[in-house]
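The structure under discussion appears below in the form of structure tokens.
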Amino acid sequence: MSSSAQVDSEHQLADPVVLGTGTARQEVTDVLDLFSAYFPLPYRVIATVTIGVWGWTSVLYVLNRHNINVEYLLRFNFQPGSAAPLYRSAYQIATMLTTVYGICTGFMWLISIFGKSLIFFGFDVLPFLCLIVLPVLIFYTGHQGHHRAARYRLFQTFRRISLGGLGHETRFADTIAADVLTSYSKVLADVWIMICMLLCGRSVAGIPDRTCGGEWTIPMIISVPYLIRLRQCLTDYVRSNYNRSHLLNAAKYATTFPVIILSVAKHKFDESFGAAYLGAITISNLWVLSMLINSLFSFYWDVSRDWDLSIFQLSRDSKNEVSRSGLREITYFPKQFYYLAIAFDFGLRFTWSLKLSPHLYFFNDFEGGVFVLEVMELFRRWIWLFLRIETEWIRSTKTGKPGNVMSDVRNA
């Protein structure tokens, strides 16, 4: 799914949808209430974080099995032979998150089913207690035996990138973390919705109020991860003695902001500042154009720049088999995986087109559909991470021979 698709999904519930009247409308309302009752917003936030940690664990494990030294690329300080692989720390943290999440969810269901009178006292408190435990489990650094080094490094990374920082020695780790954060922009907005509803004295167990805090608050929150990444690209541009590739990368993230503005104008046209000048059709067309530019630009960058694949440089006259395949000389995975990754990346960056079909509108308009789109974006990012880290490893070894790369890894 494209980054702009996440942006737009924040305003999708505000779109007028022809649901019919009477019984049909009531059935839709009942479905929405049922989904939010059994899977409230706080638990969906915890679920996405847990899924993300498991995804990162699997990336570390698979790359380790393929002899790609992820610890070296992330500049993770460790002593070979005396410390466990990084994926083991991630695995244990993911297991703890899953256990806590299972306990919280089970307790919530028990309360809602058997203790209706307890909902007032505990139902809204429980999800927020789980949300407090979540960052503690991830960032706790108090005991040496609880993967203190890994947790402390993760905390330092997120503290550094929170203002768009980019370390000299930890550049790759910082950019990876910031890119992952863009996939969680919608989840960050969900956290704001929960906090806003809590401050307003409203229950978070029902349907979320996606207008809480004003029309521009959520779009501003969604913009933060892209602003972070934009600043990092500009920092790279200056440090690299004005290498234009970093400026182009910054332009890619900048294409997200017109989507944000036009999404608000499109979904709140009657109140839009541009209504009197542009007209509804023009704003809608500009929105589609901005989505196309952002999605195509991002897809091209993923395949050509982040993964170093040559699919956009195919030449029928080329005598190089690698060039004809559209991949690259060094690959660690089966060829089919790269083609599937390209197809998935393209398809998931265009899920916003579901809004153009009246038959598929529910994906963007209902809470269940919004959650599915969030998980699909995490799946896209999961695939992206495999090839992005693999590409960085190939670049860092500075060799064009697969045999030498494997030898370098084993000796690292």
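Tell me, please, whether a residue that is free of Cβ contacts under 8 Å to residues at least 24 places away in the same chain, at positive phi, open to solvent by less than 60 Å² (accessible area, probe 1.4 Å) and part of a loop (DSSP other than H, G, I, E, B) can be found in region 240-247. First the steps, then the outcome.
Step one: of region 240-247, the residues free of Cβ contacts under 8 Å to residues at least 24 places away in the same chain are 240-244, 246-247.
Going one step further and asking which of them are at positive phi, we end up with 241-242.
Filter once more, keeping what is open to solvent by less than 60 Å² (accessible area, probe 1.4 Å): none.
No.
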Hits in region 287-306 - residues which are among the aliphatic types (A, V, I, L, M) and surrounded by 18 or more Cβ atoms within 10 Å (Cβ to Cβ): M291, V303
Scope region 160-181; condition closer than 19 Å to E390 by Cβ and surrounded by fewer than 17 Cβ atoms within 10 Å (Cβ to Cβ); matching residues: R171
message: Residue pairs, Cβ under 8 Å, 6 or more apart or interchain, first in region 206-223 and farther than 13 Å from L188 by Cβ, second in a loop (DSSP other than H, G, I, E, B) and acidic (D, E). List them.
response: R210/E10
message: Report every pair of residues separated by at least 6 positions or lying on different chains whose Cβ atoms are under 6 Å apart, first residue within region 149-163 and under 19 Å from Y87 (Cα atoms), second modelled with pLDDT of 80 or more.
response: A150/S89; T157/A173; T157/A177
query: Among all residue pairs at least 6 apart or on different chains, which show Cβ distances below 7 Å where the first residue, located in region 47-72, is within 18 Å of F337 (Cβ to Cβ) and the second is of a type in the set (A, V, I, L, M) and open to solvent by 40 Å² or more (accessible area, probe 1.4 Å)?
result: N67/M406
query: How many residues are of a type in the set (A, V, I, L, M, F, W, C) and farther than 21 Å from I221 by Cβ when one looks only at region 166-194?
result: 4
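Residue-wise test of (1) within 30 Å of T397 (Cα to Cα); (2) assigned to a helix (DSSP H, G or I); (3) at pLDDT 95 or above; (4) of a type outside the set (G, A, S).
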residue: R328; (1), (2), (3), (4): yes, no, no, yes
residue: F337; (1), (2), (3), (4): yes, yes, yes, yes
residue: L340; (1), (2), (3), (4): yes, yes, yes, yes
residue: L354; (1), (2), (3), (4): no, yes, no, yes
task: Spot the failing condition for T282; the list is (1) assigned to a helix (DSSP H, G or I); (2) touching a residue at least 24 places away in the same chain (Cβ under 8 Å); (3) of a type in the set (V, I, T), and only one is missed.
output: (2)
- request: Output the residue which, of all residues in region 148-159 that are touching a Gly at 6+ places or on another chain (Cβ under 9 Å) and basic (K, R), is most open to solvent (accessible area, probe 1.4 Å).
  value: R159
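So how many residues does region 182-204 have that are closer than 20 Å to E374 by Cα and open to solvent by less than 20 Å² (accessible area, probe 1.4 Å)? Working first, answer last.
The first filter runs over region 182-204 and keeps only residues closer than 20 Å to E374 by Cα, leaving 182-195, 204.
Add one more test, that the residue is open to solvent by less than 20 Å² (accessible area, probe 1.4 Å), and what stays is 182-183, 185-187, 189-190, 193-194, 204.
Matching residues across region 182-204 total 10.
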message: Can you go through R75, R25 and tell me which one is within 23 Å of D179 (Cβ to Cβ), surrounded by fewer than 18 Cβ atoms within 10 Å (Cβ to Cβ) and at pLDDT below 90?
response: R75
- prompt: Considering G201, G206, G167, which residue is of a type outside the set (A, V, I, L, M, F, W, C) and closer than 20 Å to R239 by Cβ?
  reply: G167
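The values are calculated or read from the model by the stated rules, or taken from the named source; none is laboratory data. All values derive from a computational prediction rather than experimental measurement. Cβ: placed from backbone, ideal geometry, glycine included. Neighbour counts: every protein chain shown. Heads up: the accessible areas ignore ligands, DNA and RNA and are worked out on the full protein's heavy atoms, side chains in. Shrake-Rupley method; radii C 1.70, N 1.55, O 1.52, S 1.80 Å.
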